[in-house]
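The values are calculated or read from the model by the stated rules, or taken from the named source; none is laboratory data. Worth saying up front: this structure is predicted, and the values here are computed from it rather than measured. FYI the Cβ positions are ideal-geometry reconstructions off the backbone, even for glycines, and counts take in every protein chain you see.
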């Protein structure tokens, strides 16, 4: 299973609210039914409280999904839960946008906290 222990944090540089957005355009995991690779883009948006996620650790965490047989919905919700546990942000949103297969594309969104209205439904 993907390893949340890979995630590292650092202190938020200011107490003034601000938005962080990280985009991984090369995410891969494995379909648990077919064994075929799944490719997607992961967008992490959050307003930090006291901690920010360190980028190299986020990359290694994402890579820990590479050989995992896991559904899109499970990827998205696991990331939400692991990152919320790690950072305890004011709010957090994960959007996973999966490459199409068989004519169907999927976009999954999972949130933690009160995501501002301007980010809901993204």
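Among all residues of the range 11-19, there is none that is on the phi > 0 side of the Ramachandran plot and at pLDDT below 95.
The residues on offer are 45, 80, and the sole one that is under 29 Å from residue 15 (Cβ atoms), at pLDDT 95 or above, in a helix (DSSP H, G or I) and touching a strand residue (DSSP E or B) at 6+ places or on another chain (Cβ under 6 Å) is 80. Looking for something more than 25 Å from residue 35 (Cα to Cα), modelled with pLDDT under 95 and part of a loop (DSSP other than H, G, I, E, B) - is there at least one such residue anywhere in the range 93-114? Looking for residues that are more than 25 Å from residue 35 (Cα to Cα), modelled with pLDDT under 95 and part of a loop (DSSP other than H, G, I, E, B), one finds at least one in the range 93-114, hence yes. Among the residues of the range 78-117, those identified as within 13 Å of residue 4 (Cβ to Cβ) and without any contact (Cβ under 8 Å) to a residue 60 or more places away in the chain are 79, 80, 81, 84.
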